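A quick write-up on the structure given underneath.
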Amino acid sequence: MINRDDRWPTEVVLERVSQQIAGEIVMSEKPGSAMRKWREIFEINQLELSRRMGVSPSVISDYEKGRRNPGSAFIRRFVNALIDIDAERGLTTLSKLSRIFNLSYLGAVIDMHEFERGIPPDDVIVAVDGVLLNSNIANEYIYGYTIIDSIKAILSLTGNEFMSLLGSTAQRVVVFTKVTTGRSPMIALRLSIVKPSMIVLHGSKKVDTLAMWIAENENIPIVLSTKSKVEDLVIGLRRLSYAQARV
């Protein structure tokens, strides 16, 4: 039995994280790929996971390669094993995930997702009907996205909460909606220790010169989305995941 001290995320948030992981596996057209992705996010190898679940490593490999289809009971054991192993390691991954889910309760996070494989930056720009505003372009694949309601984030989040959101989005695209000039989110980015791979601004007609200066100096591509609605922006990014599942 793991001793769940004060660092442990609240039971509500923990349950929501578990449901997110399990739900993504169940809904995926390739559940084995989704299982592998989450195992790698938690940085757990097949041998450690198999020992925790009481199965052989070949069983885990069979599921991940699609030679077996996981049932609900197996998925539940899989998710519980990830959580228990991470707890024994000091809650490294769960702490990051729980911060994001806590912020989503406040309405600051509109949507977020992890891709099964890396997405080329150009594909992300196309998905948001984007225009690259500076000379920088991400030199690495994008492995997920977070779409943020910038007004709710500014009004409801403390500085530390806002920083936590940005601090857990390495190799991600962070999309700020309801933006006027882009200055506030870019200043927050400037202060963040960990930088996302790409920033997308939605709702702005003209980006502030200070925001552009920050993007150039931080060597981060800044993209202006021309989507008319936030809902269309969400659909565009989700389609990247659906396209991966069909490959």
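The values are calculated or read from the model by the stated rules, or taken from the named source; none is laboratory data. Predicted model, so just to flag it, every value in this text is computed and none were measured. Backbone-built Cβ (ideal geometry, glycine too); neighbour counts: all protein chains shown.
What's the number of the condition Gly182 fails, among (1) at pLDDT below 90; (2) surrounded by fewer than 23 Cβ atoms within 10 Å (Cβ to Cβ)? In the conditions (1) at pLDDT below 90; (2) surrounded by fewer than 23 Cβ atoms within 10 Å (Cβ to Cβ), Gly182 misses (2) alone. Looking only at residues of the range 125-151 that are in contact with a Leu (Cβ under 7 Å, 6 or more places away or on another chain) and outside any strand (DSSP E or B), we find that the one that is nearest to Glu231 (Cα to Cα) is Val128. Total residues in the range 168-196 satisfying the condition of being more than 12 Å from the chain's Cα centre (by Cα) and either more than 24 Å from Leu91 (Cα to Cα) or not assigned by TED's automatic domain parsing to the domain that holds Pro120 (or both): the figure is 16.
Among all residues of the range 121-141, there is none that is modelled with pLDDT of 85 or more, within 17 Å of Gln20 (Cβ to Cβ) and of a type in the set (A, V, I, L, M, F, W, C).
Scanning the range 94-118 for residues that are of a type in the set (Lys, Arg) and modelled with pLDDT under 70 yields a single hit, Arg99. For Val55, state whether it is more than 30 Å from Lys152 (Cα to Cα), modelled with pLDDT of 95 or more and not in a helix (DSSP H, G or I). Considered against the rule, which asks whether it is more than 30 Å from Lys152 (Cα to Cα), modelled with pLDDT of 95 or more and not in a helix (DSSP H, G or I), Val55 comes out as yes.
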